[in-house]
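What follows draws every value from the coordinates through simple rules; no lab data is involved. Remember, it's a predicted structure, so these values are computed and weren't measured experimentally. Glycine gets a Cβ as well: all are built from the backbone with ideal geometry, and neighbour counts include every protein chain shown.
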Amino acid sequence: MIDDIRKKAESYLTTKRLVHTLSVEETAVKIASFYSVDENKVRIASILHDIAKDIPIEKSLEIAKEYNIDISDIFIKNPDLIHAFLGAIIAKNDFGIDDQEIIESIKYHTLGKENMGLISLIVYISDFVEPNKKVSNKIKEIIVKEAMSGYIYRAAFMVCVEKIKYVISEMKYMHPDTLFFYNFLCENERKCLLPNS
Ligand SMILES: [Fe+2]
Ligand SMILES: [Fe+2]
C-alpha cells in the first residue's frame with residue numbers, strides 16, 4: 001500500500017519536491033522509531049505532506065474556493081500557506097486517506113496547531129530538518145537530537161522559533177496559528193516522552 005501511494009505521489013511532485021518528500025519520510029521514520037506511533041501512518045503522512053505544493057497558485061485558490069477553505073487575507077498575501085490545507089483534501093479525495101492523524105499531519109505541517117498529535121509533530125519537525133533542507137546543519141543536529149531524546153515538543157518548539165525568525169526577517173505575514181502553536185509548545189517543551197531519558 002505504501003509503495004502504491006509513493007508511486008502515485010510521484011506524478012504530483014516535481015523531482016526536487018520528490019527528493020524532499022522521500023527525505024522527510026526517511027527522517028520521520030527515524031524519529032518515529034523512538035516513540036509509540038504507527039510507522040505506516042508516519043510514512044503516508046510524510047509522502048503526502050507536500051502533495052499540493054506544486055499546484056499553481058491560481059489553481060490552488062480555485063480549489064480552496066471550491067472546498068470552502070477559509071481564504072483569509074493572510075492566505076492571499078502568502079498563498080504558499082494554502083498547500084498544506086489543499087494537501088489534506090487531495091490526500092482524502094485522490095488517495096482515499098480517512099485517517100485523522102494523517103490528515104492532521106498534512107494539514108498542519110506548515111503552521112502547526114495547538115494540541116497537535118505525535119505524528120503531526122514528527123512530520124512538522126522532519127519537514128524542517130531533513131538533510132536537503134537549506135537550514136544550518138548545526139541547528140538541524142540539535143533539533144534531531146532533542147527529537148530523539150524524548151523531547152519532541154522542544155524539537156518542535158525550536159522549529160517553530162526558526163520559522164518565526166524567518167517570517168520576521170523576510171517581513172512576511174505571520175499566520176496567527178503559528179503564534180498559538182508557539183504558546184502551546186512553550187508550555188510543553190519540558191515534557192519528555194521517553195521514560196529513560
Ligand atoms: Fe509544505
Ligand atoms: Fe515539505
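Looking only at helices (runs of 4 or more DSSP H) that lie completely in segment 1-113, which have at least 1 residues being of a type outside the set (A, V, I, L, M, F, W, C) and more than 16 Å from Tyr124 (Cα to Cα)? Give the steps one after another, and end with the answer.
Working: elements: 2-10, 15-32, 39-48, 57-66, 73-77, 82-93, 100-107.
Result: 2-10, 15-32, 39-48, 57-66, 73-77, 82-93.
In segment 99-120, which residues are away from ligand 1 (no atom under 16 Å from the Cβ) and touching a residue at least 60 places away in the same chain (Cβ under 8 Å)?
Quick first cut of segment 99-120, residues away from ligand 1 (no atom under 16 Å from the Cβ) only: 99-101, 114-115, 117-118.
Scanning segment 99-120 gives Glu101, Glu114, Asn115, Leu118.
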Of the residues in segment 129-183 that are among the polar types (S, T, N, Q) and within 16 Å of the chain's Cα centre (by Cα), the one that is nearest to Ala84 (Cα to Cα) is Thr178
Could you check, for segment 77-88, whether at least one of its residues is more than 16 Å from ligand 1 (Cβ to nearest atom), more than 26 Å from Glu162 (Cα to Cα), of a type outside the set (Phe, Trp, Tyr) and over 16 Å from the mean Cα position of the chain (by Cα)? no
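Residue by residue, here is whether (1) touching a Gly at 6+ places or on another chain (Cβ under 9 Å); (2) farther than 20 Å from Thr27 by Cα; (3) within 16 Å of ligand 2 (Cβ to nearest atom) holds:
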site	(1), (2), (3)
Ala52	yes, yes, yes
His83	no, yes, yes
Leu86	no, yes, yes
Ile89	no, yes, no
Gly96	no, yes, no
Ile102	no, no, yes
Lys107	yes, no, yes
Thr110	no, no, yes
Val123	no, no, yes
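Output the residues belonging to segment 46-102 that are polar (S, T, N, Q) and over 15 Å from Tyr12 (Cα atoms).
We begin by selecting, within segment 46-102, every residue polar (S, T, N, Q); these are 46, 60, 68, 72, 78, 93, 100.
Passing the criteria: Asn68, Ser72, Asn78, Gln100.
Looking at this structure, is Glu25 within 16 Å of the chain's Cα centre (by Cα) and more than 16 Å from ligand 1 (Cβ to nearest atom)? Don't jump to the end; show me each part of the working.
On the way: within 16 Å of the chain's Cα centre (by Cα): yes; more than 16 Å from ligand 1 (Cβ to nearest atom): no.
No; evaluated as a whole, the condition is false for this residue.
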